[in-house]
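Quick notes on the structure that follows.
The values are calculated or read from the model by the stated rules, or taken from the named source; none is laboratory data. Just so you know, these numbers come straight off a predicted model, no measurement behind them. Ideal geometry is used to build each Cβ from the backbone, glycine not excepted, and the neighbour counts take in all protein chains shown. For accessibility, only protein heavy atoms count, side chains too; no ligands or nucleic acids. Shrake-Rupley method; radii C 1.70, N 1.55, O 1.52, S 1.80 Å.
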Amino acid sequence: GISNFMGYESSYFNILREFPEYGMKFLSDYSNFINDKNFKECMRLAHSIKGSSLMIGATEINMLAKDLEKA
């Protein structure tokens, strides 16, 4: 959306203020996108730590990573 205003962020945010329903939907959708992305990244990180820690024999870290991945 910001690129549609040729980089004028203030114009974009003025539009969000003028149309509060659209603004709320935008914020909700963006928040959901960020939450989903962080969740997937955390799962990927836990999986990587699980495998790496097992390769070097760090069993305690491996157990924590397994718990994080399950959560």
Next item on the list: Please find, within segment 17-37, the residue that is modelled with the highest pLDDT out of those that are aromatic (F, W, Y), open to solvent by 100 Å² or more (accessible area, probe 1.4 Å) and part of a helix (DSSP H, G or I).
Entry: F33
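Could you grab me the full set of residues in segment 38-71 that are of a type in the set (G, A, S) and at pLDDT below 80? Give the steps one after another, and end with the answer.
Within segment 38-71, the subset of a type in the set (G, A, S) is 46, 48, 51-53, 57-58, 65, 71.
Scanning segment 38-71 gives a single hit, A71.
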Check: If only one of K50, K70, K66 is of a type in the set (K, R) and open to solvent by 100 Å² or more (accessible area, probe 1.4 Å), which one is it?
Finding: K70
Next item on the list: Being hydrophobic (A, V, I, L, M, F, W, C) and within 20 Å of M43 (Cβ to Cβ) is the filter here, so list the residues in segment 55-71 that pass it.
Entry: M55, A58, I61, M63, L64, A65, L68, A71
